[in-house]
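The structure appears right after this line, and notes come after that.
The values are calculated or read from the model by the stated rules, or taken from the named source; none is laboratory data. Just so we're clear, the structure is a prediction, and the values are computed from it rather than from any experiment. Cβ: placed from backbone, ideal geometry, glycine included. Neighbour counts: every protein chain shown.
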Amino acid sequence: MNFNYKIILKTISFILLFEGVAMIPSWLAAFKYHETEVMWPLILLSLVSISFGIFFFKKLRDYNRKLTSREGFIIALLSWIIVSMLGSIPYLISIEGYSLADCFFESVAGWTTTSSYVIPSCSMTKSLMLWKATTNWLGGMGILVLTISIFPALGVGGKNIVSSELTGPELTKMSARISDTAKIAYEIYLIMTLIELILLNLGDMGFFEALLNTLSTVSTSGIFDTRGEIILNFSPYTKTVITLFSILASINFKVYFLMYIGQFSRAFKDIEVKSYLLILLICSLICGGALWYSGTYTNIFNALGAATVQVVSFGSTSGFSVSNISTWPTICQAVLIFLMIMGGCSLSTSGSLKAIRVMISFKLIVRGIYKRIHPRAIKPVLLGGNPVKASTATAVTVYIMLFFTMYAGGILLLSLENKDMTTTLTAALSAISNNGSGLGEISDGNYGVFSDFGKIISAILMLLGRLELYAVAVLFSRSFWKPDQVR
């Protein structure tokens, strides 16, 4: 197999160190709110993680080698499994009545920014709620991207790691070095977080509740149910802020980078963002009209408002709900399922296929029809007036086929739970798209209706979606393990 195990271990030691440090705000919150039953386990777990991370990094500090793409995939997969397993321990040792599968599911949902849950957040201690929100925020941009941006002294080839987990058809560098790209992305992410925190704090939320919902909104992880309520019960101001920042977080961060360097004209011409916003607008009008026409809402403005919030929630894969969407007209449910499949923009915190892939696949269909009529014509696939490379079109086609193949596998496995078809179909889609909400029994995002087997399968689907499928799919390829023996 010829893997560079030392450099893999060195990178993972950074992940352990970083997760231990990430637990510090949570055990400080436990100390502040006198949650001693949570505080000591969190402190112990944090110190153990930091100690192991420092120990292995010191032993391998001087070992610097460039990573191959194969090692990048291995590191990405192992890192997400390790942070998820380690992140489940605070739930397991602090909350009674929940199994290891429950706690693992909760941890995976946090790190993959999926709004589904098994343990209601309103039943958690404040320190555990902060831990869940912290994992949401760190998972939004990617734990590996953050590690590379803070620790460029890692001394490994960062692009092979980042490209294994960043969302989108291909990795776009915003600067000469990948570590600088990661730093710029996180500066933008942090600025967005601070602005939303200030705005939410001006509304009907206290500081702690505003902090939780900010960390979850900018990572498109939904909202925090601290009151045992749905977002419908927040003020119009709060709903507007949450909806706005769900949109902003689901937009391609390359646009923000262009604004960051003063190239506003290029930023406003981005074809993916313009198309994505247009799709959200059209879907909001369709759903709003259907809700008003069906009598679900008697006031057209209330119908449009509820539709807009729900459309943004599903389009950005934030996954929060304004009401029981299972009672909405069928056309609204169909639109929301389409948005769940599409997701947000590439290089954003959103999950699922991404708008750019959907656009390219639509253009390929149009070209295929045209070529049937004019078989000798040369018709390139154009996006914004620029031709799409053949390699990109092929990669998009393969990815979409892989997405639906794994989705079908998830459906078959979840069907063993013997739930109704609506619940089964949307639960698998919700998990692999990192949305979190669906229809039927999981319309509120609660996967507690499944057995431990169903929860583990759903957690695996979440990890598949967050890792853009390939980091897991490549493990089943003979050429990955024996590259010299396969031609």
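Data overview
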read-out: So Phe224, is it more than 19 Å from Lys354 (Cα to Cα), surrounded by 22 or more Cβ atoms within 10 Å (Cβ to Cβ) and touching an Asp or Glu at 6+ places or on another chain (Cβ under 8 Å); value: yes
read-out: Flag for Leu211 being touching a residue at least 24 places away in the same chain (Cβ under 8 Å) and in a helix (DSSP H, G or I); value: yes
read-out: Matching entry among Val335, Val396 (being surrounded by 23 or more Cβ atoms within 10 Å (Cβ to Cβ), at negative phi, touching a residue at least 40 places away in the same chain (Cβ under 8 Å) and touching a Lys or Arg at 6+ places or on another chain (Cβ under 6 Å)); value: Val396
read-out: Residue list for region 18-57, filter: of a type outside the set (Asp, Glu) and outside any helix (DSSP H, G or I); value: Met23, Tyr33, His34
read-out: Extreme residue, nearest to Tyr117 (Cα to Cα), among residues of region 429-487 that are assigned to a loop (DSSP other than H, G, I, E, B) and charged (D, E, K, R); value: Asp444
read-out: Test: Tyr276 is part of a loop (DSSP other than H, G, I, E, B), modelled with pLDDT of 90 or more and in contact with a helix residue (DSSP H, G or I) (Cβ under 8 Å, 6 or more places away or on another chain); value: no
read-out: Candidates Ser346, Ser321, Ser361, Ser294, filtered to the one that is within 24 Å of Asn213 (Cβ to Cβ), surrounded by 12 or more Cβ atoms within 10 Å (Cβ to Cβ) and modelled with pLDDT under 95; value: Ser321
read-out: Per-region count, region 69-95, residues more than 20 Å from Glu35 (Cα to Cα) and either surrounded by 17 or more Cβ atoms within 10 Å (Cβ to Cβ) or modelled with pLDDT of 85 or more (or both); value: 17
read-out: Ile242, sole failed condition from (1) at pLDDT 90 or above; (2) farther than 23 Å from Ser221 by Cβ; (3) assigned to a helix (DSSP H, G or I); (4) not acidic (Asp, Glu); value: (2)
read-out: Selection count, region 327-352, where residues are more than 10 Å from the chain's Cα centre (by Cα) and of a type in the set (S, T, N, Q); value: 4
read-out: Filter result (free of Cβ contacts under 8 Å to residues at least 60 places away in the same chain and assigned to a helix (DSSP H, G or I)) within region 90-99; value: Tyr91, Leu92, Ile93, Ser94
read-out: Asn160 being in contact with a Gly (Cβ under 7 Å, 6 or more places away or on another chain), part of a helix (DSSP H, G or I) and at pLDDT below 80; value: yes
read-out: Looking only at region 174-202, and only at residues there that are outside any helix (DSSP H, G or I) and at pLDDT below 75, the one that is surrounded by the most Cβ atoms within 10 Å (Cβ to Cβ); value: Met174
read-out: Test result for Val108, modelled with pLDDT of 65 or more and buried (at least 23 other Cβ atoms within 10 Å of the Cβ); value: yes
read-out: All positions within region 435-487 that are among the hydroxyl-bearing types (Ser, Thr, Tyr) and in contact with a strand residue (DSSP E or B) (Cβ under 8 Å, 6 or more places away or on another chain); value: Tyr447
read-out: Residue satisfying condition, being within 30 Å of Pro120 (Cα to Cα), in contact (Cβ under 8 Å) with a residue 60 or more places away in the chain and not β-branched (Val, Ile, Thr), within set Phe253, Phe257, Phe320; value: Phe320
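Okay, residues lined up against (1) among the hydrophobic types (A, V, I, L, M, F, W, C); (2) at pLDDT below 80:
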site: Leu9; (1), (2): yes, no
site: Ser13; (1), (2): no, no
site: Val21; (1), (2): yes, no
site: Tyr33; (1), (2): no, no
site: Pro41; (1), (2): no, no
site: Leu44; (1), (2): yes, no
site: Tyr63; (1), (2): no, yes
site: Lys66; (1), (2): no, yes
